[in-house]
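**Student:** The structure follows.
The values are calculated or read from the model by the stated rules, or taken from the named source; none is laboratory data. What you are looking at is a predicted structure, and each value in this text was computed from that prediction instead of being measured. Cβ: placed from backbone, ideal geometry, glycine included. Neighbour counts: every protein chain shown.
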Amino acid sequence: MSFIDTLFGKNKKEQEVTPILPQEIYESAVLELKDVIAPSALKITPREFNLGDKMARTFFVISYPRFLSDSWFSPIINLDRVFDVSIFIHPVDTARVLRQFQTKVAEVQSQISMREEKGLVRDPMLDTAYSDLEDLRNKLQQAQERLFDVGLYITIYADDLTELDRTESEIKSILEAKLVYLKPALFQQEEGYKSVIPIGTDLLNVHSKLNSSPLSSLFPFVSFDLTSDKGILYGINRHNSSLVLFDRFSLENYNSVIFAKAGSGKSFSTKLEILRTLMFDTDVIVIDPEREYEYLAEATGGRYFNISLTSKHHINPFDLPVPREDESPADVLRSNIITLVGLFRIMLGGLSPEEDSIMDRAIAETYALKDITPESDFASIAPPLMSDFELVLAGMEGGESLLQRLSKYTKGTWSGFINNPTNVDINKKFVVFSVRDMEDELKPAAMYIVMHFIWNSVRKNLKKRLLVIDEAWWMMKSEDTASFLFGLAKRGRKYYLGLATITQDVGDFLKSPYGLPIITNSSIQILLKQSPTSIDLVQQTFNLTDEEKFLLLESDVGEGIFFAGLKHVAIKILASYTEEQIITSDPSQVLMIKKAKQDLKDARGAESDT
């Protein structure tokens, strides 16, 4: 029948008998939510059913062992397959159960007595059954236990029949090893699927009686989680929506690394961790290469230092830390001389062995020029400046070439950078050093100097601190800066210092001989969205499965994998509205915030004029 025939009828008589109203025509074309979410086709067979392009099969548990251990269902929950689990728990009336128990106990006791009268050997199964029944009856009478009818149903999904059979075999082998047996819902696949989808209807009605204790072992929140008793919220476990709570200072070391491509949320997650860490009496220091933490420092009452050639903030690399009680002044002085040789190696583009020796001797003589020796009180003597070092170097044989290369730091364009006394104080809970305005050629040296200054300050007094180094690949460009960074990762724990290393250039980071050791010395590792060009290197470094590899490729902003010790979970990093306004790096949101601040400032100005 054509549409015209349907609409108007084949003849006048039919049209008069069954008229089709315009409302019915309209409603037949309305698209509802169920039409959108419904599969393109549905085919039900005795063993499985097709939902569009997917195949599915439903099972039910028919038998359990005598004892169920804790988390016995955990391997299934954490299985890397697509499946649904439904658990129906129907309470059973205790009074009715106790009446049935009385009959059953009498039957078992009668069988035991009959065997004794016949002189037969005792049956262990009957004795065990009698003991279990008596024990459970006592607990039911004392309200220590309840009895339930429990239905456990599992629906697995796959793209084809082979994959479906393979998943079935895998699940069955895991459960049968624990003496838990499954059966497919033959000729009941439709009822089984309806029982598993979240509408709360048990159409299969395949139940086993379980009391409270074994039933508690089936509790569904048994998947891998990283929730500890204390710590900060890193995000949400994407697998089971549990909270990823962790305290880096409770681990074997306090270090972390974050690898992610640009725009995947690495700075957002870092700033969120900083904001939450500040609430737990922890000082935070940041080396910021892109001026992303300025607003956060302003909002939290911290200090923000801009390190550049024209900046008013200066750090003298010749500063010496006051030796601790367990440190020798001679060791402190020698360590600082070695660090300065490394700095000059970065500043001058490398040193030959002869030049290295001259630098070492010149630095020692520069300190001696200011009467700084291992026997001196470092706190009471002003340290030398770069110009003092230049003066000493000028009087040394073989230092002419070094003097020429050093002059740009003392007399040339870059003289304002490090040839001044230190005027930076970091006695605040949150301190940011920005090197964005520093020339790219000088950034490694600037970051090295800042890190050395921070390290000296950290060693002064023992306090819980977190040092965040954003875009750490800058540090990995030079062997000296990479070595110093690795030294912080190794020695920081002794001084209650956690090191957080963040980078988007995984290749440059791992090219350095210190890249992998820094990762292995970091108890927390966070991988966010990765680029296809670097994912193979990340997979090899972190021993990821193919599923985890594709998860990182397909992750959205703020999603990835969180490693802590031997465990790792898929994580989604979330912030509250207030936190997001403080830490956002999204340019559009930053502009909105700036505009709102300017509008507020203008409004206050107009009000004061009035």
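**Student:** Just to check your reading of the model, which residue among LYS178, LYS172, LYS194 is within 28 Å of VAL92 (Cβ to Cβ) and either exposed (fewer than 13 other Cβ atoms within 10 Å of the Cβ) or free of Cβ contacts under 8 Å to residues at least 12 places away in the same chain (or both)?
**Tutor:** Values: LYS178 fails: either exposed (fewer than 13 other Cβ atoms within 10 Å of the Cβ) or free of Cβ contacts under 8 Å to residues at least 12 places away in the same chain (or both); LYS172 fails: within 28 Å of VAL92 (Cβ to Cβ).
Step by step, each of LYS178, LYS172, LYS194 is checked, and only LYS194 is within 28 Å of VAL92 (Cβ to Cβ) and either exposed (fewer than 13 other Cβ atoms within 10 Å of the Cβ) or free of Cβ contacts under 8 Å to residues at least 12 places away in the same chain (or both).
**Student:** Let me ask something else about it. Taking the residues in region 545-558 that are hydrophobic (A, V, I, L, M, F, W, C) and free of Cβ contacts under 8 Å to residues at least 24 places away in the same chain as candidates, determine which candidate is surrounded by the most Cβ atoms within 10 Å (Cβ to Cβ).
**Tutor:** At the first step, the residues of region 545-558 found to be hydrophobic (A, V, I, L, M, F, W, C) are 550-553, 557.
Those still in the list that are free of Cβ contacts under 8 Å to residues at least 24 places away in the same chain too: 550-551.
Details: PHE550: 12, LEU551: 20.
Of everything passing the filter in region 545-558, LEU551 is surrounded by the most Cβ atoms within 10 Å (Cβ to Cβ).
**Student:** Quick one: is LEU152 touching a Lys or Arg at 6+ places or on another chain (Cβ under 6 Å) and part of a strand (DSSP E or B)?
**Tutor:** So LEU152 does not fit the description; no.
**Student:** For VAL332, work out the one condition from (1) part of a helix (DSSP H, G or I); (2) without any contact (Cβ under 8 Å) to a residue 12 or more places away in the chain; (3) closer than 20 Å to TYR448 by Cα; (4) not polar (S, T, N, Q) it doesn't fulfil.
**Tutor:** The number of the failed condition is (2).
**Student:** Hey, VAL432 hits all of (1) in a helix (DSSP H, G or I); (2) more than 20 Å from PRO321 (Cα to Cα) but one; which does it fall short on?
**Tutor:** (1)
**Student:** Right, ASP360: touching a strand residue (DSSP E or B) at 6+ places or on another chain (Cβ under 7 Å), over 16 Å from ASN316 (Cα atoms) and acidic (Asp, Glu) or not?
**Tutor:** So ASP360 fails the test.
**Student:** Identify the residue in region 453-477 that is in contact (Cβ under 8 Å) with a residue 60 or more places away in the chain and basic (Lys, Arg) and, among all such residues, is surrounded by the most Cβ atoms within 10 Å (Cβ to Cβ).
**Tutor:** Within region 453-477, the match that is surrounded by the most Cβ atoms within 10 Å (Cβ to Cβ) is ARG465.
**Student:** Regarding ARG276, is this residue more than 30 Å from LEU186 (Cα to Cα) and part of a loop (DSSP other than H, G, I, E, B)? Talk me through it step by step, then tell me what you get.
**Tutor:** Details: more than 30 Å from LEU186 (Cα to Cα): yes; part of a loop (DSSP other than H, G, I, E, B): no.
It is false that ARG276 is more than 30 Å from LEU186 (Cα to Cα) and part of a loop (DSSP other than H, G, I, E, B).
**Student:** Right, next: Taking region 526-544 as the region of interest, how many residues are over 15 Å from LEU566 (Cα atoms), buried (at least 17 other Cβ atoms within 10 Å of the Cβ) and β-branched (Val, Ile, Thr)?
**Tutor:** Number of matching residues: 2.
**Student:** Consider only pairs whose beta carbons are under 9 Å apart and that are at least six residues apart or on different chains; among these, list those whose first residue lies in region 134-158 and is on the phi > 0 side of the Ramachandran plot and whose second residue is at pLDDT 85 or above and in a helix (DSSP H, G or I).
**Tutor:** Close Cβ pairs satisfying both conditions: none exist.
**Student:** So, one more: Among the small types (Gly, Ala, Ser), touching a strand residue (DSSP E or B) at 6+ places or on another chain (Cβ under 8 Å) and either within 30 Å of ASP470 (Cβ to Cβ) or at pLDDT 85 or above (or both), is that true of SER415?
**Tutor:** On the way: among the small types (Gly, Ala, Ser): yes; touching a strand residue (DSSP E or B) at 6+ places or on another chain (Cβ under 8 Å): no; either within 30 Å of ASP470 (Cβ to Cβ) or at pLDDT 85 or above (or both): yes.
Criteria not met by SER415.
Matching residues to (1) part of a helix (DSSP H, G or I); (2) loosely packed, with under 15 Cβ neighbours inside 10 Å:
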| position | (1), (2) |
| --- | --- |
| PRO384 | no, no |
| PHE389 | yes, no |
| GLN404 | yes, yes |
| PHE417 | yes, no |
| GLU439 | no, yes |
| TYR448 | yes, no |
| MET451 | yes, no |
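**Student:** Applying the selection to region 528-547, what residues are in a helix (DSSP H, G or I) and over 28 Å from THR584 (Cβ atoms)?
**Tutor:** The initial filter retains those residues of region 528-547 that are in a helix (DSSP H, G or I), namely 535-542, 546-547.
Scanning region 528-547 gives ASP536, LEU537, GLN539, GLN540, THR541, PHE542, ASP546, GLU547.
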